[in-house]
Amino acid sequence: MRGKLIVVTCLIAALTLTLAAAGFWEKKPYTQWSEKDARKMLEKSPWCYEFNWGRQSNIGSDVTGPSIGSVPSPTSTPADDSRGVTDAEREFITIVRVMLFSSRPIRQAYATLIAKGDKARLEKLKDFAERDFGDEIVIAWVIDSKPKGATSVFDLDRQLRALAVGELANDTFIASSSGKKVYIKDFIPPTSDGTGAKFVFPRTMPDGTPFLTAADKSFRFQTRKFKMKDDAVAVDATFKVEDLQLAGQLEY
């Protein structure tokens, strides 16, 4: 009997640990998410890869590290303070959040933020939050900075707005850990709704088989280098397939 009790206790402990480790998206539907939950989904979740690039002007060295922020306002001005010190004279970090926009969790997070707790408004956003993206994989770039309003954000935004899909055709792709690769099919410059620029890829290979399956360990997004100050910077993002599960379904 004692042995059975130990086994049961161990099973309960394992189940408790599993539930504790699960993300909030596995514990409750998006209709119950808070704004804090939604921001976490858009900034610190398996569906969002955060790339940071920065510089400390006093030592001239690049810095990287985690940073959380929000989409900058188009009307913002470069960071400044009462002493007249600009971002060129202090440490600043440019943030590029690479999001799987075609996945439901990312769009559900946006719907939650737009609704601001209004259930009727959230219901009106149901199609946006839950619809299937069919045969396309859409990756969004949202740009931010710390401190807010760094000139590098505006420089990168201008570069993205000036891009055409033809300029990305040869060096923008997604590749799976099993060796499959598909190149970009469309590009949408940054939109006014704050959801960023969109890189669009086919969801299937030329022979009709899926680009990605649960058997793949990861996949990587890669595009051209962009000019940040005096550096040509490549923003690559890798996503772990096993973490892109929602209610037992692969979401990407």
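The values are calculated or read from the model by the stated rules, or taken from the named source; none is laboratory data. This structure is a prediction, so every number in the text was calculated from the model and none was measured. Reconstructed Cβ throughout: ideal geometry from the backbone, glycine too, with neighbour counts over all protein chains shown.
Structure summary
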quantity: Residues that are part of a strand (DSSP E or B), over 16 Å from M99 (Cα atoms) and aliphatic (A, V, I, L, M), drawn from segment 200-212; calculated: none
quantity: Test: residue in segment 19-28 that is part of a helix (DSSP H, G or I), at pLDDT below 50 and surrounded by 10 or more Cβ atoms within 10 Å (Cβ to Cβ); calculated: yes
quantity: Residue list for segment 213-243, restricted to those being under 28 Å from Y110 (Cα atoms), assigned to a loop (DSSP other than H, G, I, E, B), out of contact with any Ser or Thr (no Cβ under 6 Å at 6 or more places or on another chain) and not polar (S, T, N, Q); calculated: A214, R224, V235, D236
quantity: Residue within segment 181-193 that is farther than 21 Å from R107 by Cα, small (G, A, S) and either free of Cβ contacts under 8 Å to residues at least 60 places away in the same chain or exposed (fewer than 14 other Cβ atoms within 10 Å of the Cβ) (or both) present; calculated: no
quantity: Matching residues, segment 187-199, being assigned to a strand (DSSP E or B) and over 14 Å from the mean Cα position of the chain (by Cα); calculated: F187, I188, P189, P190, T191
quantity: Subset tally (residues that are in a strand (DSSP E or B) and closer than 17 Å to L42 by Cβ) for segment 126-160; calculated: 9
quantity: Residue that is modelled with the lowest pLDDT, among those in segment 84-125 that are out of contact with any Cys (no Cβ under 8 Å at 6 or more places or on another chain) and assigned to a strand (DSSP E or B); calculated: F92
